[in-house]
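In what follows, a structure is listed as structure tokens, so that the remarks can point back to it.
The values are calculated or read from the model by the stated rules, or taken from the named source; none is laboratory data. Predicted model only: the values in this text are computed from it and were never measured. Glycine gets a Cβ as well: all are built from the backbone with ideal geometry, and neighbour counts include every protein chain shown. Just so you know, the surface numbers come from the protein's heavy atoms only, side chains and all, with ligands and any DNA or RNA stripped out. Shrake-Rupley method; radii C 1.70, N 1.55, O 1.52, S 1.80 Å.
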Amino acid sequence: MNYSQIPSPCYVLEEEKLIKNLELINSVQKRAGITVILALKGFAMYSTFPLVRKYLKGATASSLFEAMLIREELGGELHLYFPVYQEHEFAAAIKDATHITFNSLSQWESFKEKTFNAKISPGLRINPEYSPVETDMYNPASLMSRLGIRAETLGDKLPEGIEGLHCHNLCESDSHALSTTLEQIEKLFGNHLPHIKWLNLGGGHLLTRQGYDIEHFVKVMTDFKTRHPHLDIYIEPSSAIAWETGFLRATVLDLIQTPDPIIAMLDVSFTAHMPDCLEMPYKPRIQGARDPQPGETAYRMGGLTCLAGDVMGMGDYYFSTPLKIGDSIILEDMIHYTMVKTSMFNGVKHPSIGILRNGEFELVREFEYEDFKRRLS
Ligand SMILES: Cc1ncc(COP(=O)(O)O)c(C=O)c1O
């Protein structure tokens with residue numbers, strides 16, 4: 001692969017890989033008899049939406065701006081789940097929406113009249129009190145979670161008019177976590193299932209990860225549907241759609257020798273462009289690099305902001321050819337939860353966005369000083 005045609009820094013989506021993911025997801029939704037929609041929170045690269053539209057019936061928004069982007073660029077079913085709806089933007093948010101999920105009974109009370117008038121199918125988010133996610137920051141189903149209603153709070157009877165339930169408790173999870181989730185929903189909320197029309201099982205189903213047991217997923221879903229044949233089942237992944245669909249191209253701008261390791265100063269920032277490397281945290285793969293063995297020269301990847309912690313803190317890298325200033329660094333799997341989370345902290349330039357299609361690179365977007373200035377005043 002010749003990276004010289006790609007500017008640095010740049011997020012590069014490899015179209016073939018996105019198509020492969022969408023085809024797999026489409027075949028799974030058909031076989032399982034469910035509907036998969038795209039959650040914009042992890043992947044909102046709308047230049048790819050003409051492709052997404054070929055395979056998925058719609059998308060879900062967690063904010064007014066996401067809802068607007070879905071309306072403008074994707075179309076189809078528009079599902080809303082905002083952790084909290086605001087009076088002043090509610091009318092704009094529900095325009096063309098097909099489904100709406102409320103996070104609490106008080107939010108439902110506040111907005112039910114407007115929802116009835118707009119003829120949108122309403123649902124409630126539930127807390128299944130089970131999640132395989134061990135990092136607290138990413139566990140939405142703890143007892144103290146602000147996301148979703150606990151069975152105890154919901155009581156024996158659903159509020160009049162509620163047509164669906166929504167549950168999001170997974171993250172990069174497998175089909176066994178889904179199976180446990182369904183058992184938990186049946187145990188805690190089973191009495192409500194005969195009275196609703198749809199069940200949304202949220203995101204976190206990493207169907208496109210190598211080794212995901214698709215057969216088991218299909219079996220778990222079809223068994224569940226046999227027990228509840230009247231339900232329309234949705235899932236709304238982000239990560240699975242954009243999983244392993246591209247990279248972030250960066251460049252080594254300087255090399256700083258510390259007692260150990262050598263720090264490679266890049267033209268990207270972990271805090272501004274790859275915040276999950278610090279938040280999750282996780283260590284991305286870098287093309288041509290591996291973990292250093294004792295005694296080998298170790299390189300730490302450093303960002304270009306002046307935040308002391310703007311480094312890849314989860315571990316160093318070994319390169320068989322020593323790094324030089326000007327070398328390309330290809331950070332793998334940098335499409336989901338990157339572009340959507342970036343900031344212009346420290347005034348650092350936002351990486352460009354491009355698409356690789358049949359070996360040809362198309363530059364989709366570049367960012368300018370004006371983009372930075374417009375966010376401030
Ligand atoms: C309500 C909801 N739906 C869907 C998703 C997408 O999850 P993932 O990207 O893990 O598939 C999230 C992620 O946080 C979410 O909060």
Completion exercise
Counting only DSSP beta bridges with both partners in the chain, the antiparallel fraction in percent, to the nearest 5, comes to 40
Handout entry: Nitroxide proxy distance, nm - points 7 Å out along Cα→Cβ at residue 283 and residue 340
Key = 2.7
Handout entry: Surface accessible to a 1.4 Å probe, per residue, for the residues of region 207-325, Å²
Key = 45
Exercise for the section: Net charge near residue 103: determine it from the other residues with C-beta under 13 Å of the C-beta of residue 103, scoring Lys and Arg +1 and Asp and Glu -1. Expected result: +2
Handout entry: Gain on full stretching of the segment that runs from residue 255 to residue 328 - 0.36 nm per residue minus C-alpha separation
Key = 25.0 nm
Completion exercise
Net charge (Lys, Arg +1; Asp, Glu -1) of residues whose beta-carbon lies under 11 Å from that of residue 242, residue 242 excluded, is -2
Practice task
Whenever you get a sec, compute what percent of the accessible area on region 33-242 sits on carbon and sulfur atoms (1.4 Å probe).
Solution key: 52
Completion exercise
Under the 7 Å Cα-to-Cβ spin-label approximation, residue 62 and residue 296 lie apart by a distance in nanometres of 3.6
Exercise for the section: Give the shape of the chain as rounded, prolate or oblate, defined through the alpha-carbon gyration tensor: a ≥ b ≥ c are the square roots of its eigenvalues, a/c under 1.5 means rounded, and otherwise the shape is prolate if a/b is larger than b/c and oblate if not. Expected result: prolate
Fill in the blank from the handout: Of 68-75, 160-167, ordering from highest average Cβ density within 10 Å down gives 160-167, 68-75
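Grab the other residues whose beta carbon is less than 14 angstrom from that of residue 175, score K and R as +1, D and E as -1, and report the net.
Around residue 175, the surrounding residues sum to -3.
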Handout entry: At R0 = 30 Å, FRET efficiency that the Cβ-Cβ distance of residue 367 and residue 209 yields, to 0.05
Key = 0.45
Exercise for the section: Could you tell me which of 222, 107, 127 has its Cα farthest along the dipole of region 33-242 towards the positive end, charges placed at Cβ (Lys, Arg +1; Asp, Glu -1), taken about the Cα centre? Expected result: 222
Exercise for the section: Which order do the peptides 355-367, 9-21 take when ranked by the mean count of other beta-carbon atoms within 10 Å per residue, highest first? Expected result: 9-21, 355-367
Handout entry: Of 120, 335, 241, the one that fluctuates the most in a GNM where the chain has Cα springs shorter than 10 Å
Key = 120
Practice task
For region 146-269, just say rounded, prolate or oblate: build the C-alpha gyration tensor, square-root its eigenvalues into a ≥ b ≥ c, call rounded for a/c under 1.5, and beyond that prolate if a/b exceeds b/c, oblate if not.
Solution key: prolate
Fill in the blank from the handout: On the formula 1/(1 + (r/R0)^6), with r taken between the Cβ atoms of residue 23 and residue 375 and R0 of 41 Å, the FRET efficiency rounded to 0.05 is 0.65
Exercise for the section: Treat every Asp and Glu Cβ in the chain as -1 and every Lys and Arg Cβ as +1, leave all other atoms uncharged, and give the resulting dipole magnitude about the Cα centre to the nearest 20 debye. Expected result: 740
Handout entry: Estimated 222 nm signal from helices in the chain, with DSSP H stretches of n ≥ 4 weighted -39500 (n - 2.57), rounded to 500
Key = -8000 deg cm²/dmol
